[in-house]
Amino acid sequence: MTTTGTAVFFDGLTSRRQDVHVALEHDLLILRPDGSRLDVWPYDALRELSAPDGMLRLSREGGPPLARLEIRDAALAGDVRRLSPRLGASLVAESGVTRKVVFWSLFAVVSLTIFGFFGIPQIAAAVTPLLPWSVDQRMGRAADVQLRAMLPTGPGDFECGAGSQERPGREALDRLSERLSDAAGLPVPVRIIAVRSEMVNALALPGGPIYLMDGLLQESISGDEIAGVLAHEIGHVAHRDGTRHALAAGGTSLVLGFVIGDFVGGAAAIAIAQAASEASYSREAERDADMYAVGLMKSLGADAKAVGTLLTRLTARDREDGKAAEDKEKKDQAEKPEAKDEGGSIMDWLSSHPQTAERQSAIDKAAGEGPTTPIMDAADYLALRRVCGPSR
Ligand SMILES: [Zn+2]
């Protein structure tokens, strides 16, 4: 019988990913590589989360909501399944949840009534700051599960960084995430996920998960550009834009679902995933996220203007691509009158971030002059670019 094996552990408090040993004894023990204990997870508290094929992803009931253990060793995973009686039970994210549920159910019923009388966006804006951050985290977790299934990604896992060649990139990304997350000091940990997708995009889910698509990494020319985009997305998390947006889009069913329920899948989760992936925030929300990014980058001594430069460069390129596509379409239609539209631009990050020139000048003005230090050295940046495998 297998009683030990290796796994990847996230403590749910920092964005750090740790390679650990797992020992199956009286409880499941999570051990540091040196053999000392990191955590003890009782078998009856283990819950299975959605995961790619070949991975057992575990959460611990009553533990930090984002803490998880990822096991790829099939024999070890089989033994964990055999020993854990409640693996498939639904997860109650917070301990001492009953009292909270009563309070927040009442809150939800009241907000349900209010939603009926007033405009949804206004109420969503008023209600969001009153919600505990655990609601954002629940929303983000549900959206994460849905988006992993919905987003068109490349071959292999959704999340880059597991392969041995991708490891230096993952370590560079973890270092960057940690610096940004520490500087931001939000009540929720920010976790940055490199996604194996050609989309030139980044997006923030409520409560902290941030997707950085490989397509955007490949279009960048410096670590400061990537850090700037991530800082902008952290701004959306800090300002709870995704949460507000989801509440406005999904209305009361979401409030009820996310406040009371546990949701593994379900219509509410799909709704929030869609709201998050469309992510068309208001101009004000974008400006505020830009200003947040400038502040965060300046606090790290990095180049706060870089995000504006990237934005401008990609918009110009997108326009050229758009014009080329338009010309091609006209030509195709002239030759083949029934030719169909092949779909829109994949530049979601840009198409949802309009007014580029205005934004860049505001970013430049707020960034000011003065020397800056690159957020990462050239070696780390090159490694980061290869976090999803060799550049295409
Ligand atoms: Zn934005």
Handout entry: Under 5 Å, built H, 5+ apart or other chain: amide partners of R191
Key = I210
Problem - A126 paired with S164, simple spin-label distance in nm, labels 7 Å along Cα-to-beta-carbon - result: 6.0
Exercise for the section: For the range 4-83, just list the percent of Cα-Cα distances falling in each 10 Å bin from zero outward, please. Expected result: 20, 60, 20, 0
Problem - Accessible surface, the range 140-243, averaged per residue in Å² (probe 1.4 Å) - result: 28
Problem - Sequence-distant residues sharing a close amide H with L28 (under 5 Å, placed H) - result: W41, Y43
Fill in the blank from the handout: For the range 4-83, dividing by residue count, accessible area per residue (probe 1.4 Å) in Å² works out to 44
Exercise for the section: Pull up all non-local amide H partners of T6: gap of 5 or more, or a different chain, and H-to-H distance under 5 Å with H placed in the peptide plane. Expected result: V22
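The values are calculated or read from the model by the stated rules, or taken from the named source; none is laboratory data. Just so you know, these numbers come straight off a predicted model, no measurement behind them. Ideal geometry is used to build each Cβ from the backbone, glycine not excepted, and the neighbour counts take in all protein chains shown. Quick note on the areas: whole protein, heavy atoms, side chains included, nothing else; ligands and nucleic acids left out. Shrake-Rupley method; radii C 1.70, N 1.55, O 1.52, S 1.80 Å.
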